[in-house]
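Trainee: Quick one: the structure is below, and I'll ask about it shortly.
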Ligand SMILES: C[S@@+](CC[C@H](N)C(=O)[O-])C[C@H]1O[C@@H](n2cnc3c(N)ncnc32)[C@H](O)[C@@H]1O
């Protein structure tokens with residue numbers, strides 16, 4: 001967001017060059033904006049608002065202080081990257097107080113949600129920033145074209161992934177984030193948005209779920225519920241979520257995307273759910289294991305369905321000849337024999353990229369789920385590993401994986 005108006009000194013055209021040199025010498029010229037025409041055929045030279053008190057109009061030329069509405073950014077300002085603009089703006093704000101220590105403290109990256117920038121936890125921590133008060137956050141917003149500024153703290157280890165975000169500029173924390181054509185709204189001070197899940201959100205959006213009933217066991221603000229409804233064609237989603245702030249955000253986003261009538265939110269209590277789902281999403285890391293019995297219970301008992309099981313899995317460094325981190329399982333049936341992958345992701349060489357640790361986690365999980373289903377229904381079930389997706393690297397040698405596991409009641413012998 002550029003300023004709506006800036007102060008400027010207007011003078012006759014013939015004095016413009018002299019005035020410019022003078023303002024530059026005194027470091028008063030605001031290089032972010034172009035010179036502009038002023039009434040009476042004059043030229044207006046933008047000057048820095050924060051240095052107006054130092055401005056003395058030169059007596060040897062006719063000058064007037066006025067304000068330019070909607071100033072036009074200079075060519076140099078338009079060429080600068082946002083990070084550079086931010087640094088330049090702060091440098092100007094601090095004047096002689098600028099130091100290498102402060103420069104290191106200026107962030108190079110941030111998240112943007114609509115008109116809000118969300119800064120990382122470690123930005124602007126040096127003591128001198130505090131003295132600037134709200135002027136600092138105004139400058140950050142202006143340099144980055146935002147209206148609100150917030151800073152992230154640690155995510156609380158409270159099971160609800162509550163972020164400790166502080167609002168630094170603005171009246172409220174509700175933002176709207178558009179991603180793959182879906183509108184997500186949430187309060188940044190109450191809920192978090194995980195940009196790292198983008199590949200999984202896209203994959204989910206492309207799954208063929210037409211006519212299916214889905215249970216999303218850890219719905220959050222709707223990261224997966226919404227793509228399942230909006231793009232994947234799910235007929236109905238039961239969204240389970242126990243954090244009331246996330247429930248509120250999910251409700252609003254369902255309305256925004258026109259799919260409220262195809263979703264029931266189970267806030268905190270999913271116990272009455274059983275025998276309803278063609279598909280169950282278990283999007284909880286580091287492990288969704290506590291939800292496996294619930295997933296087995298909600299799966300349709302006569303036809304079964306597919307589970308998407310998220311888990312963080314540790315594996316040694318990838319062997320050098322493996323081309324990529326993205327995993328794609330050569331599918332394996334419950335009997336363990338290899339068979340062709342049945343998912344679009346299966347065009348990767350079957351099994352070749354699947355690290356041994358990932359494979360053994362997928363097979364172990366499949367065996368556990370088979371056991372749970374057999375115990376629950378008193379008859380054998382079959383499982384097939386359809387696909388293993390490596391969503392992202394979570395920590396050194398730890399990957400966030402998603403196992404797509406098909407589960408069907410075994411036909412009577
Ligand atoms: C990691 S966030 C989830 C979001 C989304 N699935 C993702 O992966 O980005 C996990 C969500 O599950 C919720 N949650 C955790 N355990 C839960 C439970 N037993 N019942 C309902 N919600 C739960 C948390 O409140 C949180 O909003």
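Read-outs: derived from the displayed coordinates by stated rules, not from any lab. None of these values were measured; they are calculated from a predicted model. Heads up, the Cβs are rebuilt from the backbone with ideal geometry, glycines too, and the neighbour counts pull from every protein chain shown.
Trainee: Can you work out the FRET efficiency for the pair residue 375 and residue 180, with r the C-beta to C-beta distance and R0 = 35 Å, to the nearest 0.05?
Mentor: Numbers: r = 39 Å, r/R0 = 1.11.
Given R0 = 35 Å and the Cβ-Cβ separation, E is 0.35.
Trainee: Just to be sure I understand the model, the point goes 7 Å from the Cα along the line to the Cβ. What's the resulting residue 83 to residue 115 distance in nm?
Mentor: So the two model labels end up 2.7 nm from each other.
Trainee: Which whole-number percent gives the relative contact order of region 80-171, counting Cα pairs below 8 Å spaced six or more residues apart? Don't skip to the end; give the middle numbers.
Mentor: On the way: 124 pairs, mean separation 24.3, N = 92.
Reported relative contact order: 26 percent.
Trainee: Determine, at each q value in 0.16, 0.22 (inverse angstroms), the log₁₀ of I(q)/I(0) that the Debye formula gives when each Cα of region 80-171 is one equal point scatterer.
Mentor: -0.63, -1.14
Trainee: Residues in region 50-80, backbone N under 18 Å from the label point at residue 17 (7 Å along the Cα-to-beta-carbon vector): list them, ranges by number please.
Mentor: 61-62
Trainee: According to a simple spin-label model (label point 7 Å from Cα along Cα-to-Cβ), what is the distance in nm between residue 135 and residue 57?
Mentor: Taking the two extended label points, one gets 2.4 nm.
Trainee: For 399, 245, which order do you get if you count the other beta carbons within 10 Å of each Cβ and list the fewest first?
Mentor: Numbers: 399 24, 245 16.
By the 10 Å Cβ count, ascending: 245, 399.
Trainee: Then there's this: Tell me the angle of helix 16-25 to the major Cα principal axis of the chain, expressed in degrees between 0 and 90 and rounded to the nearest ten.
Mentor: It works out to around 70 degrees.
Trainee: Hey, another quick one. Among DSSP beta bridges lying fully in the chain, give the percent that are antiparallel, nearest 5.
Mentor: Numbers: 56 of 77 bridges.
If I count the DSSP bridges inside the chain, around 75 percent turn out antiparallel.
Trainee: Next question. Just rank 248, 101, fewest to most, by other beta-carbon atoms within 10 angstrom. Write down the numbers at each step before the final one.
Mentor: Working: 248 19, 101 10.
Going from least to most buried by this count: 101, 248.
Trainee: Relative contact order (percent) for the chain, with alpha-carbon contacts under 8 angstrom and 6 or more residues of separation? Each step should come with its number before you reach the end.
Mentor: Numbers: 804 pairs, mean separation 38.2, N = 413.
Value for the chain: 9 percent.
Trainee: Rank 403, 254, 66 by mean-square fluctuation in a GNM of the chain with C-alpha springs under 10 angstrom and give only the top-ranked residue.
Mentor: Comparing 403, 254, 66 in a Gaussian network model of the chain, the most mobile one is 66.
Trainee: Starting with the fewest neighbours, write out 33, 223 ranked by other beta-carbon atoms found within 10 Å of each beta-carbon. Kindly include the intermediate steps, with their values, before the conclusion.
Mentor: Values: 33 21, 223 24.
Fewest-to-most ranking of 33, 223: 33, 223.
Trainee: Gap in Å between the Cα centre of region 269-293 and the Cα centre of region 24-47?
Mentor: Each part's Cα centre sits 63 Å from the other's.
Trainee: Apply 1/(1 + (r/R0)^6) to the Cβ-Cβ distance of residue 287 and residue 164, taking R0 = 25 Å, and write down the FRET efficiency to the nearest 0.05. All intermediate terms of the calculation are to be shown ahead of the outcome.
Mentor: Working: r = 23 Å, r/R0 = 0.93.
For R0 = 25 Å, the calculated efficiency reads 0.60.
Trainee: Between the helical axis of 134-144 and the dominant principal axis of the chain, each derived from Cα atoms, what acute angle in degrees is found, rounded to the nearest 10?
Mentor: The helix 134-144 is inclined about 70 degrees to the chain.
Trainee: So what is the calculated 222 nm ellipticity per residue for the chain, using -39500 (n - 2.57) for each DSSP H run with n of 4 or more, over all residues, to the nearest 500 deg cm²/dmol?
Mentor: Details: 11 runs with 105 residues, N = 413.
For the chain, the value works out to -7500 deg cm²/dmol.
Trainee: Note the angle between two axes, namely the Cα long axis of helix 244-256 and the longest principal axis of the Cα atoms of the chain, as a number of degrees from 0 to 90, rounded to the nearest 10.
Mentor: 80
Trainee: Would you calculate the convex hull of the Cα atoms in the chain and tell me its volume per residue in Å³?
Mentor: Working: hull volume 74.5 nm³, N = 413.
Expressed per residue, the convex hull around the Cα atoms of the chain is 180 Å³.
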